[in-house]
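The values are calculated or read from the model by the stated rules, or taken from the named source; none is laboratory data. The structure presented is a predicted model; accordingly, all values stated were derived computationally and were not measured. Reconstructed Cβ throughout: ideal geometry from the backbone, glycine too, with neighbour counts over all protein chains shown.
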Amino acid sequence: MELNAIRSGNRMLIDGKAVASEKKEKLIRDIASLRSETGIVPSMRLISVGGDDSSASYIRSKMRYGKKLGVNVELTELGEKTTEEELGKVISGFSADSSTNGIVIEAPLPPHLDHTGIAQRIDPQKDIDCITEINQGKIALNREYMLPATAQAIRTLIELQEPERGSTVTIINRSPVIGRPLALMLLNRDFTVSVCHSRTHDIPKITRESDFIVVGVGKAGFLTPDHVTGNSIVIDAGINYANGKLTGDADFESIKDKVKAITPVPGGVGPVTTACMFENLLKAARAQMKNFVD
Ligand SMILES: NC(=O)c1ccc[n+]([C@@H]2O[C@H](COP(=O)([O-])OP(=O)(O)OC[C@H]3O[C@@H](n4cnc5c(N)ncnc54)[C@H](OP(=O)(O)O)[C@@H]3O)[C@@H](O)[C@H]2O)c1
């Protein structure tokens, strides 16, 4: 269980950056061959409504990443008062546009817009964020097509630890971007899954009995030594900013020497998630090309 992990003192750090970098090299090669064989340059459309500050840095980083890979990432910015009908028209336009391969509606949307509802206008073949009922439903039926990038990143990091078939995973999160799809994705690979949330009783009792603990609650210091044992492998999906510093949900300093392995923040789930999003774009471009040829 030491793949893509770095031993540092007593602790094992699961190296998300190294995993992401391998993925990126492969993406660069695959995108270049798609272009040379077919002339197609994959194209991603980001739609942002109201220009929320918290999404601006994610948007910039996707645009930079796209440039490095040699794909088009274009941003459409709409005003804060955009109506559901106006946003729907923009989404439907990109869904019908043959030069667009992937569509992402940036979160958060202003409160008058229902993100999941409006996202159902995205053509499921271009749904690289995996937010449509069709793509989420395919996961539930073990007919996976698109996968939410964060859930896919987490499953990748878990599987790189070469777990035994049937291993136990506790996920502390039940959102549509992490916990719900991840639970099904792990079941699809024969893991034994528990899902916890804000109403769950005695979470430490559940996590202590798990081989893997996935945490994504959005609260710095949430996961404490009480949640873990020497056999725990912790995958920390949390993103929190405190005093200008990025941290996960695990109280890293207090648990790092107690657990078997842990993903750091930054440098764990985050970079792998970005690579997974662009893998989805490439997959979408290939699928759409095939339909066109058919
Ligand atoms: N690394 C990445 O690439 C990536 C991508 C997306 C999100 N994130 C991060 O992951 C975190 C979660 O994101 P999200 O979009 O899934 O957020 P979300 O929709 O707010 O979900 C948070 C989840 O945590 C649960 N929770 C909150 N407080 C809890 C508590 N005290 N005990 C147990 N469970 C609790 C919530 O339970 P209820 O359902 O009962 O409310 C919910 O299921 C955030 O920090 C976000 O920034 C990271």
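Just give me the residues in region 30-58 being surrounded by fewer than 18 Cβ atoms within 10 Å (Cβ to Cβ), of a type in the set (V, I, T) and in a helix (DSSP H, G or I), in sequence order. Scanning region 30-58 gives a single hit, T38. Provide a single number: the residues in region 111-134 that are free of Cβ contacts under 8 Å to residues at least 12 places away in the same chain and within 22 Å of M289 (Cα to Cα). Final tally of qualifying residues: 1.
Applying the selection to region 127-170, what residues are more than 9 Å from the ligand (Cβ to nearest atom) and touching a Cys at 6+ places or on another chain (Cβ under 7 Å)? Result: Q136, M146, L147, Q152, T170. For region 124-165, the set of residues classified as assigned to a loop (DSSP other than H, G, I, E, B) and closer than 14 Å to G268 by Cα consists of L160, Q161, listed by residue number.
The residues of region 205-240 that are over 21 Å from S194 (Cα atoms) and out of contact with any helix residue (DSSP H, G or I) (no Cβ under 9 Å at 6 or more places or on another chain), listed by number, are A220, N240. Among the residues of region 47-93, write down those that are of a type in the set (D, E) and in contact with a helix residue (DSSP H, G or I) (Cβ under 7 Å, 6 or more places away or on another chain). Scanning region 47-93 gives a single hit, E84.
If I filter region 243-257 down to residues being closer than 17 Å to N173 by Cβ and in a strand (DSSP E or B), which single residue comes out as farthest from the ligand (Cβ to nearest atom)? Among those residues, the one meeting the criterion is A250. Pairing each residue of region 152-180 that is over 21 Å from I203 (Cα atoms) with any residue that is at pLDDT below 95, provided the two are 6+ apart or on different chains, yields C-beta distances under 7 Å for L160/L3; L160/N4; Q161/M1; Q161/L3; E162/M1; E162/L3. Looking at region 240-252 only, could you name the residues that are exposed (fewer than 14 other Cβ atoms within 10 Å of the Cβ) and of a type in the set (F, W, Y)? If the condition is that a residue be exposed (fewer than 14 other Cβ atoms within 10 Å of the Cβ) and of a type in the set (F, W, Y), then Y241 is the only one that fits.
Condition check ((1) near the ligand (Cβ under 10 Å from one of its atoms); (2) under 30 Å from V73 (Cβ atoms); (3) in a loop (DSSP other than H, G, I, E, B); (4) in contact (Cβ under 8 Å) with a residue 24 or more places away in the chain) across all residues:
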| position | (1), (2), (3), (4) |
| --- | --- |
| L184 | no, yes, no, yes |
| S194 | no, no, no, yes |
| S198 | yes, no, yes, no |
| Y241 | yes, yes, no, no |
| V259 | no, no, yes, yes |
| V265 | yes, yes, yes, yes |
| V272 | yes, yes, no, yes |
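Once region 208-225 is narrowed to residues that are charged (D, E, K, R) and in contact with a Ser or Thr (Cβ under 9 Å, 6 or more places away or on another chain), the residue that is farthest from K256 (Cα to Cα) is E209. Residue-level check: of (1) surrounded by 23 or more Cβ atoms within 10 Å (Cβ to Cβ); (2) β-branched (V, I, T); (3) assigned to a loop (DSSP other than H, G, I, E, B); (4) over 20 Å from the mean Cα position of the chain (by Cα), T207 misses just (3). Here is a check on your reading of the model: is F252 in contact with a Phe, Trp or Tyr (Cβ under 7 Å, 6 or more places away or on another chain) and aromatic (F, W, Y)? Criteria not met by F252.
Inclusion of E144 among residues that are in contact with a strand residue (DSSP E or B) (Cβ under 8 Å, 6 or more places away or on another chain) and in contact (Cβ under 8 Å) with a residue 24 or more places away in the chain is not warranted. A single member of R174, R189 is more than 16 Å from the ligand (Cβ to nearest atom), assigned to a loop (DSSP other than H, G, I, E, B) and either outside the structural domain of I47 (by TED's automatic domain parsing) or surrounded by 19 or more Cβ atoms within 10 Å (Cβ to Cβ) (or both), and it is R189. On the stretch given as region 210-239, residues that are surrounded by fewer than 23 Cβ atoms within 10 Å (Cβ to Cβ) and near the ligand (Cβ under 10 Å from one of its atoms) total 6.
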